[in-house]
Amino acid sequence: MFTTIENVKFQQAVETWNQGFSDYLLPITVDQKALEQRIQSLKLSKKLSAIYSVKGESAGIILLGVQTFQGTKVMWVGGMAVVPKYRRNKVASKLMDYAEKLAKEHQCEYLILEVIKENERARRLYQEKGFQLINELAVGSVVLLARTSKKEHIEFKAIPLEEQALSEAKWLPWQNRSIFTEQNYAIYHEELKVGSISFNLVEDVSGKSLLLKQLQLLEQKNCSLITAILLALKEQETLDTIKFTNFDMATPEYAELEKIGITLQLTQLQLAKKI
């Protein structure tokens, strides 16, 4: 039985989430405030998101949202988990069937999600459901310690969301879109625009850090400026660590980050199913 999150006590959703992710590859335990913030900040829907119950007990949860990006309407799975007690009972399959049914009802063109590359069980399920690999996404960080030998004049100028959205790639992950990002800037080198950057400033146990969502350069030759760009950002925001999430590993920008030296936390796969 499916019940939308808006029709249950919110604490039930929190508890089901935490049980489902209790043995996950990454610790993502939440309280009511954290789960509410996730739903609101990523424009997920309590009307679409649901808990699946078996004989009155919560067995699984799925968070869903619908948005249109560059004329393509998609439904995103913003989190899905099965309570350990109900594993191997096709609960995950039922959750995915529920999402696909809603995607069709809302006339979405694609159902999309991300899965950690090492999560073989989930990957097999998504393959059986007809999902296709779109790209590989890196989650990690760069620690900037040294300056480049040549001083480059890098400047950042704030740009409207609408302008940044026009330059976004079709398969940029949902949560990296500019509409979910606090800081969006055009990048200038010697007064010439060379690209754009989007990021959030976050506080965690290690202190203040920058979470890079997008880094796009207009020409591949400008990738040589990435170190200078990140150093300028470091000075502007007074921080040493730049984290990145769901960064497309096939881009020349990522190749340049690898040259600088990254600490890779994990790799995710972005998958999509044509509806």
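Derivation of every value follows stated rules applied to the coordinates shown; laboratory data play no part. The structure presented is a predicted model; accordingly, all values stated were derived computationally and were not measured. In this analysis, Cβ positions are derived from the backbone assuming ideal geometry, glycine residues included, and neighbour counts consider all displayed protein chains.
Going toward the positive end of the dipole of the chain, with +1 on Lys and Arg Cβ and -1 on Asp and Glu Cβ, which of GLY261, GLY140, SER224 do you reach last? Working it through, the farthest residue towards the positive pole turns out to be GLY140. Taking 0.36 nm per residue of separation and subtracting the current Cα-Cα distance, fully stretching the chain between LEU266 and THR241 would add 7.3 nm. Size descriptors for segment 1-75, from the alpha-carbon set: Rg then Dmax equal 13.1, 42 Å. Computed over the chain, relative contact order equals 20 percent, with contacts defined as Cα pairs under 8 Å that lie 6+ residues apart. Between segment 202-275 and segment 22-56, the C-alpha centres lie 27 angstrom from each other. Contact order for segment 172-275, expressed relative to its length and based on alpha carbon pairs under 8 Å spaced 6+ residues apart, stands at 21 percent. Estimated translational diffusion coefficient (Stokes-Einstein, Kirkwood radius over Cα pairs, 25 °C, 0.890 mPa s) of segment 63-220: 132 µm² per second. Considering only the Cα atoms of segment 214-258, their convex hull presents on average a projected area of 3.3 nm².
For segment 102-181, a/c is not less than 1.5, where a ≥ b ≥ c are the root eigenvalues of the C-alpha gyration tensor, and a/b does not top b/c. That puts it in the oblate class.
Here the spin labels are modelled as points 7 Å beyond Cα on the Cα-Cβ line, and at TRP171 and ILE28 they lie 2.1 nm apart. Size estimate for segment 136-275 follows the Kirkwood approach: the inverse of mean 1/r over distinct Cα pairs works out to 15.4 Å.
Normalised by 2.2 N^0.38 Å, where N counts its residues, the alpha-carbon radius of gyration of the chain equals 1.07. When every Cα-Cα distance of segment 163-208 is counted in 10 angstrom steps from zero, the calculated P(r) takes the values 22, 44, 27, 7 percent.
Each of THR3 and ASN89 was given a label point 7 Å from its Cα along the Cα-to-Cβ line. The distance between the two points is 1.6 nm.
Taken along the Cα-to-beta-carbon direction at a fixed 7 Å, the label points for LYS193 and LYS221 span 1.9 nm. Among the lysines of segment 124-221, pairs at least eight places apart or on separate chains and with Cα atoms under 18 Å apart come to 7. Entry note, segment 166-206: relative contact order of 30 percent, from Cα contacts under 8 Å with a spacing of 6+ residues.
Counting only Cα atoms, segment 52-139 measures 42, 30, 23 Å along its principal axes, largest extent leading.
Using a 10 angstrom cutoff on alpha carbons, build the Gaussian network for the chain and name the most mobile of SER22, SER178, SER141. Between SER22, SER178, SER141, it is SER22 that shows the largest mean-square fluctuation. The longest part of the chain holding none of the exposed loop trypsin sites (Lys or Arg not before Pro), meaning those outside H, G, I, E and B in DSSP with at most 10 other Cβ atoms within 10 Å, is 171-275. So which GluC sites (Glu not before Pro) in segment 173-267 pass both tests, a DSSP loop state and at most 16 other Cβ atoms within 10 Å of the Cβ? Answer in residue order: GLU182, GLU190, GLU191, GLU219.
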